[in-house]
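The values are calculated or read from the model by the stated rules, or taken from the named source; none is laboratory data. None of these values were measured; they are calculated from a predicted model. Heads up, the Cβs are rebuilt from the backbone with ideal geometry, glycines too, and the neighbour counts pull from every protein chain shown. All accessible areas refer to the heavy atoms of the entire protein, side chains included, with ligands and DNA or RNA removed. Shrake-Rupley method; radii C 1.70, N 1.55, O 1.52, S 1.80 Å.
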Amino acid sequence: MSDFDFAKQALKKRRDELAARVSSIDTALQAPLSADFEEQAGDLEGQEQLEGLEAAAFKEIIAIDAALHRIASGTYGLCVKCGEAIAPKRLEAVPTATTCVSCKA
C-alpha cells in the first residue's frame, strides 16, 4: 500500500458522497413550482440556495478529481508553487491541497 492509498480512498468516498448530493439536488430542482405565486417566490429562493450548494459540490468534485490525478501521476503531496513536500498534517486536513503552508500564505 502506497503512502497515499488512504488519501485516495478518502477522496473517492467524498467524491461519491458529493455525486449523491448533486443527484439529490438535481431531483429537487426538477420539481415543479407551486401554483400559488406567493409560494413560488419561496420555491425560487430555495432553488437559488440549492443551485449554490450544487455549484460548491461541483467545485469540490473538480478539486478531488485533480487530487486523484496527482496521486495517479505521482505528484500528489508536492507544492505546485515551490515543489517542496506538503506537510502530511496539511494533506490530512485538506486532502485536495495543492500548496504547502508557506506558499499558501
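Here are the numbers:
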{"item": "Principal-axis tilt of helix 5-29 within the chain, Cα atoms, nearest 10 degrees", "result": "10"}
{"item": "Heavy-atom surface of the chain, accessible at 1.4 Å and reported per residue (Å²)", "result": "70"}
{"item": "Under 23 Å from Lys81, Cα to Cα: lysines that are on another chain or at least 8 residues apart", "result": "Lys8, Lys59, Lys89, Lys104"}
{"item": "Rounded to whole Hz, the Karplus (6.51, -1.76, 1.60) HN-Hα couplings of the stretch 89-100, x for glycine and proline", "result": "5, 5, 5, 5, 6, 10, x, 9, 4, 10, 10, 6"}
{"item": "Dipole magnitude of the stretch 43-95, debye to nearest 20 (Cβ charges: Lys/Arg +1, Asp/Glu -1, about Cα centre)", "result": "640"}
{"item": "Karplus (6.51, -1.76, 1.60) ³J(HN,Hα), θ = phi - 60°, over the stretch 32-48, in Hz, Gly and Pro reported as x", "result": "x, 6, 5, 6, 7, 4, 5, 5, 4, 4, x, 4, 5, 5, x, 5, 4"}
{"item": "Cut-off under 5 Å, modelled amide H: who pairs with Leu78 long-range", "result": "Ile86"}
{"item": "Net dipole in debye of the chain [+1 Lys, Arg Cβ; -1 Asp, Glu Cβ; about Cα centre; nearest 20]", "result": "1080"}
